[in-house]
Amino acid sequence: MEIHKYEKAWLVGALVLIVFFISTVAYVTAVTGVDMVDESGGTIHPDDVSDDERFGDPRVEQVGENEFEVYMVALQFIFRPDPVEVPEGSEVTFYITSDNVVHGYQIVGTNVNTMVIPGQIAEITVEFDEAGEYGVLCNEYCGIGHADMEGKVIVHPEDEWEEMQGGDD
Amino acid sequence: MATFIDRYPFEAKVVRYTFAVSFLFLALGAIGGMIQALHRTGYLRFIGDITDGSYYTVLTSHGVFLVIFFTVFFLVGIFTWAVTKELDRELGNPRLTKYWVTSMTVGAILTSVAIIGGFSDSVPMSADVLFTFYAPMGAHVLFYLGLTIFITGSWVAGYDWFKTWWDWKKENEGKRIPLMTFMVLTTMLMWYLGTIGVAVEVLFFLIPFSLGLVSEVNPLLTRTLFWFFGHMVVYFWLMPVYLLWYNVLPKLAGGRLFSDPLARVVFILFLLLSVPVGIHHQYVDPGIPEGFKFMMMTNTMFLLLPSLLTAFTVVASIEHGARQRGGTGYFGWLRTLPWGNPAFSGMALAGLMFAAGGFSGMINAGMNINYLVHNTFWVPGHFHLTVGTAVALTFMAGTYWLLPQITGKRLAAKKAAAVQPFLWFVGMTFMSNAMHRAGLFGMPRRTSEPQYEGFDYEPAFGTVAEIDAQVVGGGILLTLSTFLFLYVVVRTWMGTRVSADGGDEIIDDEIPPALSGPEDSPRVLDNLKLWTAIAILLVILAYALPIAHIASQGLYEGSEYFPMLLEVLTA
Ligand code: HEM
Ligand SMILES: [Cu+2]
Ligand SMILES: [Cu+2]
């Protein structure tokens, strides 16, 4: 079988390109430790969600100095809790599940993006370095009210957060 | 010389019929697309407001009609044409042929009825589940039954072509499989392998689920089975396109295919790699370990290879054709190409858009970058370039060349036909570009009203209003282009028959042999059993562990049924 020399060059070029793509992703994943959504959040039967210690009472919980955990349930057609409020500079781990259909959780304009699948708990860790309000939306069709399904993450500046905490005590 | 319709009247009738059904679905799909573009952008909302599910009825129909029925009905037509013409023999068994044609038609009707039922409150039927029908959302059982009957019909069609080839082989001992037939057979082997996923999903889970025979299913499992099928189907749309690009396009350019063996290699690579990649649609799914995602990503990247090889061969063959026609210079030869012939210009423009779609596809395929674009408007931006243009526009262009052969009539309305591909190209440039950009600032897909109360989008440049205008403007051009195409088809169909011995009225249907033919390529390329065995092995290697992992959480354990019926939800 005769392969033209340009054809050969193209073939080699194509293979190099492919290997390059794979290695950049491998590199970025390994070195920067970008967190992928995977099985680490565990599973939960949809029937057990409402009685669950974490998801029965959806909330934001402080677990360390700058560390927070959010136990979130996606319903038709709201997220609970909403809004999620944390201080600037905090590291927040979201645990999100659904006891109904499939939803999506996306913080608009960022790469915080996960499917919310009944039976599974999606776990994602996000560092909020900049104060401000972030829009959240459901990006998987979940029924008639899907277009209404939105939420918010409010990241408070340090001093504002202190005040809020003070007020609670 | 007599053309296809004179030599194979029965097969010509089959092709005419499947094309007609295909184009009917194209028309319905285009209307749906227009409605979506108008509604999402807020330009015109007449199908009900946000609390009415009609948008999703339209969206389900747009997806299912276009990417299942329009594409597959066209595919079975063109494959029938290719096998019959190339092997120079009739499909051996007309009763079998009639069976699959009927089965596919009945299936498509049932599924369509279930979907369209969603428009009316008085019909206790609906299937607003979009073309991915993720459990635990449920459609009326007719939706799944229709799909089952449709797909089994396509399986029988594959058997029909295989049988024709076996009969040919008996009389042509020791000959290489002719190229187009080789493409048809490898594509169908890929289809058999990939449809196992959706067949298991529908037969063992969704139909029993919708009938209430089982009370729960595991939504991650059914989703994974869907995508086992769902990526392969992308290549099922694309293989008839490659068949046209390899065999017909070079000839339209005035030349011939560069290399027959390389075309075989490309189709073998698709057979091997198109299934064990499906999890790349589930990069952001919880419950699937990262290692499995990475493995599928690696396979996905290798799947770029056959498309990159195709780009080379197609461009080289076109250039060869242009030089035969007297073209010179580095790029000067481009000018000698027959841009006024819609069969050529349609396929060439489709190829160009496919290259652009390839770039955005590489972004999607990157496991980490995918987080930025997953389920945003970027994604429909991407696949309107691939399936929505590379496939749809090539099918239209191919029709301009094929229709005379299967009707015995000359192409009518030639001026309209000549502008149609350019109109599509311009329309899609606007619509797709705007969708990509909107996706980058987070605008979601699959949403009737992507305007929210709590926040505004922040485009890096331009404005949301300007992007909306491009989506609507592009959508209008695309819809016009679609109907221009249909107009040419109808006019041609109603024309007068060219007589079989019609002197200078010969209908062109010749496909010249490749520059380097199959003779000097290794015979192992034609060993379909070997390639199928390797393909199965690769699928097992890639999918056994992920599926075992997910299935171990319970097959019939997970979610209860959520029927997408208006009555139920609003009650
Ligand atoms: C008349 C031309 C067309 C227009 C104006 C159009 C418009 C659109 C729009 C605006 C959407 C996004 C809807 C949403 O996510 O909310 C969409 C989705 C889609 N389109 Fe098109 N489209 C056209 C042609 C096509 C063609 C030719 C194909 C394929 C052969 C196609 C396949 C799809 C698919 C698969 C979806 C996704 C459906 C889903 O998310 O479930 N479209 N189209
Ligand atoms: Cu939703
Ligand atoms: Cu894919």
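Key figures
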quantity: One residue from B:TYR43, B:TYR55 being more than 16 Å from ligand 2 (Cβ to nearest atom), in contact (Cβ under 8 Å) with a residue 60 or more places away in the chain and more than 20 Å from the chain's Cα centre (by Cα); calculated: B:TYR43
quantity: Any hit, segment B:84-92, residues being among the β-branched types (Val, Ile, Thr) and farther than 20 Å from B:ASN247 by Cα; calculated: no
quantity: Only listed residue being aliphatic (A, V, I, L, M), at negative phi and without any contact (Cβ under 8 Å) to a residue 60 or more places away in the chain, chosen from A:VAL37, A:VAL84, A:VAL101; calculated: A:VAL101
quantity: Among (1) farther than 17 Å from B:SER481 by Cβ; (2) assigned to a helix (DSSP H, G or I); (3) free of Cβ contacts under 8 Å to residues at least 12 places away in the same chain - the single one B:GLU453 does not satisfy; calculated: (2)
quantity: Any helices (runs of 4 or more DSSP H) falling wholly within segment B:1-86 and containing at least 2 residues that are at pLDDT 95 or above and under 19 Å from B:SER103 (Cα atoms); calculated: B:9-40
quantity: Scope segment B:24-76; condition of a type in the set (S, T, N, Q) and within 16 Å of ligand 3 (Cβ to nearest atom); matching residues; calculated: B:THR71
quantity: Residue in segment B:227-248 that is within 16 Å of ligand 1 (Cβ to nearest atom), within 26 Å of B:GLN282 (Cβ to Cβ) and within 14 Å of chain A (Cβ to nearest Cβ) present; calculated: yes
quantity: Residue count for segment B:430-448, restricted to those that are within 7 Å of chain A (Cβ to nearest Cβ) and more than 10 Å from ligand 1 (Cβ to nearest atom); calculated: 2
quantity: Qualifying residue in segment B:184-205 (condition: over 17 Å from the mean Cα position of the chain (by Cα), within 16 Å of ligand 1 (Cβ to nearest atom) and surrounded by 24 or more Cβ atoms within 10 Å (Cβ to Cβ)); calculated: no
quantity: So B:TYR235, is it part of a helix (DSSP H, G or I) and farther than 24 Å from B:THR57 by Cα; calculated: yes
quantity: Among the residues listed as A:TYR141, A:TYR134, the single one being buried (at least 24 other Cβ atoms within 10 Å of the Cβ) and either assigned by TED's automatic domain parsing to the domain that holds A:ASP51 or within 16 Å of ligand 1 (Cβ to nearest atom) (or both); calculated: A:TYR141
quantity: Failed criterion for B:ILE68 (all others in (1) surrounded by fewer than 24 Cβ atoms within 10 Å (Cβ to Cβ); (2) more than 14 Å from ligand 1 (Cβ to nearest atom) hold); calculated: (2)
quantity: Answer residue from segment B:120-163, given it is within 14 Å of chain A (Cβ to nearest Cβ) and over 17 Å from B:PHE229 (Cβ atoms) and is nearest to ligand 1 (Cβ to nearest atom) among those; calculated: B:ASP128
quantity: Selected residue (only one of B:ALA350, B:ALA355, B:ALA343 is in a helix (DSSP H, G or I), within 16 Å of ligand 1 (Cβ to nearest atom) and either assigned by TED's automatic domain parsing to the domain that holds B:ALA316 or out of contact with any His (no Cβ under 8 Å at 6 or more places or on another chain) (or both)); calculated: B:ALA350
quantity: Candidates A:ASP159, A:ASP148, filtered to the one that is over 11 Å from the mean Cα position of the chain (by Cα) and farther than 28 Å from A:HIS45 by Cα; calculated: A:ASP159
quantity: Residue within segment A:148-160 that is more than 16 Å from ligand 1 (Cβ to nearest atom), more than 14 Å from A:VAL84 (Cβ to Cβ), part of a strand (DSSP E or B) and in contact (Cβ under 8 Å) with a residue 60 or more places away in the chain present; calculated: no
quantity: Extreme residue, farthest from the other protein chains (Cβ to nearest Cβ), among residues of segment B:449-475 that are of a type in the set (Phe, Trp, Tyr) and more than 11 Å from B:PHE377 (Cβ to Cβ); calculated: B:PHE461
quantity: Out of B:VAL265, B:VAL275, sole residue that is more than 16 Å from ligand 1 (Cβ to nearest atom), outside any helix (DSSP H, G or I) and under 26 Å from B:GLY158 (Cβ atoms); calculated: B:VAL275
quantity: Among residues of segment B:308-336, those that are under 15 Å from A:HIS4 (Cβ atoms) and touching a Lys or Arg at 6+ places or on another chain (Cβ under 9 Å), counted; calculated: 2
quantity: Residue selected from segment B:371-389 under the condition of a type in the set (A, V, I, L, M) and modelled with pLDDT under 95, by the criterion nearest to ligand 3 (Cβ to nearest atom); calculated: B:VAL373
quantity: Counted residues, segment A:60-115 - those being away from ligand 2 (no atom under 16 Å from the Cβ) and more than 12 Å from chain B (Cβ to nearest Cβ); calculated: 23
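Residue-wise test of (1) more than 16 Å from ligand 3 (Cβ to nearest atom); (2) free of Cβ contacts under 8 Å to residues at least 12 places away in the same chain; (3) acidic (Asp, Glu).
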| residue | (1), (2), (3) |
| --- | --- |
| B:ASN172 | yes, yes, no |
| B:ILE196 | yes, no, no |
| B:VAL200 | yes, no, no |
| B:GLY212 | yes, no, no |
| B:GLU216 | yes, no, yes |
| B:PHE236 | no, no, no |
| B:ASN247 | yes, no, no |
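Residues checked against (1) without any contact (Cβ under 8 Å) to a residue 24 or more places away in the chain; (2) facing chain A (nearest Cβ under 7 Å); (3) surrounded by fewer than 24 Cβ atoms within 10 Å (Cβ to Cβ); (4) under 20 Å from the mean Cα position of the chain (by Cα):
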| site | (1), (2), (3), (4) |
| --- | --- |
| B:LEU257 | no, no, no, no |
| B:ALA263 | no, no, no, yes |
| B:LEU269 | no, no, yes, yes |
| B:SER274 | no, no, no, yes |
| B:VAL277 | no, no, no, yes |
| B:GLN282 | no, no, no, no |
| B:PRO289 | no, yes, yes, no |
| B:PHE292 | no, no, yes, no |
| B:LEU304 | no, yes, yes, yes |
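The values are calculated or read from the model by the stated rules, or taken from the named source; none is laboratory data. Since this is a predicted model, take the numbers as computed values, not measurements. Neighbour counts run over all protein chains shown; Cβ positions are idealised from the backbone, glycine included.
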